[in-house]
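Any read-out appearing in this document is the output of simple, stated calculations on the displayed coordinates, not a laboratory observation. These numbers come from a predicted model, not from an experiment. Glycine also receives a Cβ, built like all others from the backbone with ideal geometry; neighbour counts cover every protein chain displayed.
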Amino acid sequence: MGAFEQFLSGGTAGKDRTLRLLAAGATGSTLTTMQEKSKSCPSIQLAAVTDTDFEKGNATMAMSNDVAVSDGSQYLAAGTYCPSVESVPLFDIQRQMAPLRAEIDAAISSVFDSGQFVLGPEVKTLEAKIAAFCQSSFSVGCASGSDALLLALMAADIGVGDEVIVPSYTFFSTASAVTRVGAKVVFADIEPTTFNIDPTDVARRITKQTKAIIPVHLFGQCADMNTLCDIARGNDLLMVEDAAQAIGAEYQGRRAGALGDMGCFSFYPTKNLGGPGDGGILTCSDERWSDRVSLLRGHGMRPRYYHQAIGVNSRLDSLQAAVLNVKLPHLERWTEMRIDNARKYDHLLRAAGLTDHLELPASISEARHVWNQYVIRVRGGQRDALRNYLTETKVGTEIYYPVPLHRQTCFADLEYQVGSLPETEKAASETLALPIFPELTDEEQRFVVQTIAAYFESARRTG
Ligand SMILES: Cc1ncc(COP(=O)(O)O)c(C=O)c1O
C-alpha cells in the first residue's frame, strides 16, 4: 500500500489528521496528479506529488495544521488550503454590527438623550421605512414577530369556534398565535421542493369554520401565493403572511408582506434584518388593519387610560428601532450577499460531487429567495451523523425543525398521528441548515463543503 492509500485508510495519520488533510486538499483546480491516485476517493484532489513527497507532507501535516502551512502548502494550490479557517459559525452577528458600530452607538445615545424609550420617533421612522421597503401602505411596530402574528388574528376578531390553516413545518409561533386567540389550528402539509405550505392540501382542509390561512415564507422564499390567494378569495378567508424569515423576498416582483392582507416580520437577531433583541412589525395596505393593530398593541387604549378593546402590551422599543434604522439601508446589499453565497454553495456542492448524497435547496422562478437559511436535504438517513461530524469539525449547522408542530406535545390534543403529514415529517428528518450569513467568506464556504465531502468519503470507507 502506498503512502497515499495508507493515509486514506487511516494508516499512520489517525482519524482526525486524515480529516484535516481531506478538508485542506479538496476541490483544488490545479491539483491533478494525485487526483489520478484518488479516483476511488472523489472528494480529494491533491497536488502533483509522488508517494515520497506525500509521505513527507503527510508527516508534517499529521503533526498540526499550523506546521502544514510551512511544509505541506507546497502540495496544495494557492487558495485551496484554508489554514485560517478553524471553524465556521452558523451565524455571526458581530461581523455585521462591527462596521456600523459607531453609527449604532450614536443612534443609541440619541435615544438616551431624548428619553423616549417606547414608541419614540425612531419607531415612527422605522415604520415608514419598512412600509415603503415592503411595498405596503402601512406598518405597525410591535414587540416580536410572534406578537405580529397574534395581533393580526386579534385584529381580525378570530377566536373560539374558528379554524386557521397553517403549515406544521415552521417555527412554533405561526401556530401558537392561533391557539392563543382561542381558535383551532389546522395543520397542512408542505411542498417537498420548497418546504412551503402545499395549496392543494390547504384547499382540502377548508371547512365552514375556516377563517384564515397563514402561509410561511420559509427560509426566505415566498409560498405559492397566486394559488393561495385564489383559494383565500374563493373562500372568503383572511390571508396573513408569516414573513418572519423573508424581509425583502419577492413573488412575481411584489414584496413579502404586501401579498396578503397582513404581513408579519421578526427582527430577532438571526433574521435578515436583525436587531439587538426582540422586535417585530406588521405590514398592511388597508388602513383599518393598521388602525386596529395600533390600538391592540397598546392595551386597546385610546385616548390615554380609555380602553376601547382588550389589547396586549406589545410595543417596539425605540432602542431596537434606532439600531434597525441604521441597519435597514444595508439590507439590500446583505441580501445580495446571501444570494451570492447560496449560488456559491450550489456550485461548490455540485463540483464536489455531493448531489448523490444531498439535495440542494430549490428556488422557484416566481420568487426572489432571500436565503435566511440555506437548507439541504441529506439522503440515506445520514443527516444526524453528518451534523455530528460537522459539529466535531466546528462547522455550525442547525435543524429547522426537528419535530414538526403537529407532533409537538402541546398540540397532542389535536390528534395528528405519525404519517399524517408525510412531506413535513420527511423534511424534519432530512434537512440541515448550513451557514449562509452575508459576511461568510469564500474560504469558510469551501471549508464547509470540503468537510461535508470528507464526511461522505469517510462514511464510504468505513462502509
Ligand atoms: C417562521 C417564523 N415565524 C414567526 C417567528 C417569530 O418571530 P419572533 O422570534 O420575533 O417572535 C419566527 C422567528 O423565529 C419565525 O421563524
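Take each of the peptides 199-209, 309-319, 359-369, average the number of other beta-carbon atoms within 10 Å over its residues, and list them starting from the highest. Mind showing how you got there, number by number?
Working: 199-209: 15.2, 309-319: 19.1, 359-369: 17.1.
The densest-packed peptide leads the list: 309-319, 359-369, 199-209.
The HN-Hα couplings worked out from phi for the stretch 136-144 by the Karplus form 6.51 cos²θ - 1.76 cosθ + 1.60 (θ = phi - 60°) are 10, 7, 9, 8, 10, x, 8, 6, 6 Hz, whole numbers, x standing for Gly and Pro. Backbone geometry of the stretch 218-227 corresponds, through the Karplus equation with coefficients 6.51, -1.76 and 1.60 at θ = phi - 60°, to 3J(HN,Hα) couplings of 6, 6, x, 10, 5, 5, 6, 6, 4, 5 Hz, x marking Gly and Pro.
Going from the fewest other Cβ atoms within 10 Å to the most, the residues ASP340, ASP261 appear in the order ASP340, ASP261. Each residue, LYS208 and ALA128, gets one label point 7 Å from its Cα in the Cβ direction; the gap between the two is 4.9 nm.
Run through every distinct alpha carbon pair of the stretch 307-392 and return the Kirkwood hydrodynamic radius in angstroms, one decimal place. List each step's numbers first, then the result.
Numbers: mean 1/r = 0.0597 Å⁻¹.
For the stretch 307-392, the Kirkwood estimate is 16.8 Å.
Charge dipole (Cα centre; +1 on Lys/Arg Cβ, -1 on Asp/Glu Cβ; no other charges) of the stretch 116-269 amounts to roughly 180 debye. The Cα trace of the stretch 406-457 gives Rg and Dmax of 17.5, 48 Å, the first to one decimal, the second as a whole number. Peptides 266-272, 212-218, 129-135 ranked from most to least packed give 212-218, 266-272, 129-135, packing being the mean of other C-beta atoms within 10 angstrom over each peptide's residues.
Put a dot 7 Å past the Cα of GLU392, heading toward its Cβ, do the same for ARG379, and the two dots end up 2.4 nm apart.
Each residue in THR462, THR431 was given a count of other beta-carbon atoms within 10 angstrom of its own, and listing them fewest first yields THR462, THR431.
Between HIS330 and ARG101, what length comes free when the chain is fully extended (0.36 nm per residue of separation minus the Cα-Cα distance, one decimal in nm)? Display every interim value, and only then the final one.
Details: separation 229, 0.36 × 229 = 82.44 nm, distance 1.35 nm.
So the extension gain works out to 81.1 nm.
The phi torsions of the stretch 177-183, fed into the Karplus equation with coefficients 6.51, -1.76 and 1.60 and a -60° offset, translate into couplings of 4, 5, 5, 5, 8, x, 8 Hz, rounded to whole numbers, with Gly and Pro shown as x. A Cα-only calculation for the stretch 230-284 places Rg and Dmax at 12.4, 41 Å. If you take the Cα centroid of the stretch 400-445 and the Cα centroid of the stretch 242-295, the two points sit 22 Å apart. Compute the label zone of THR179 within the stretch 113-147: residues whose backbone N is under 20 Å from the point 7 Å along Cα-to-Cβ. Residues 144-147 qualify, since their backbone N sits under 20 Å from the label point. Annotation: amide H of GLU398 within the under-5 Å range of ALA433, sequence separation 5 or more or interchain, hydrogens built in the peptide plane. The ALA459 and ALA412 beta-carbon pair, evaluated with R₀ = 45 Å, returns a calculated FRET efficiency of approximately 0.80. Proximity of backbone amide H atoms, modeled 1.01 Å from N, is registered between ALA188 and VAL166, SER168 at under 5 Å, excluding neighbours fewer than 5 places apart on the same chain.
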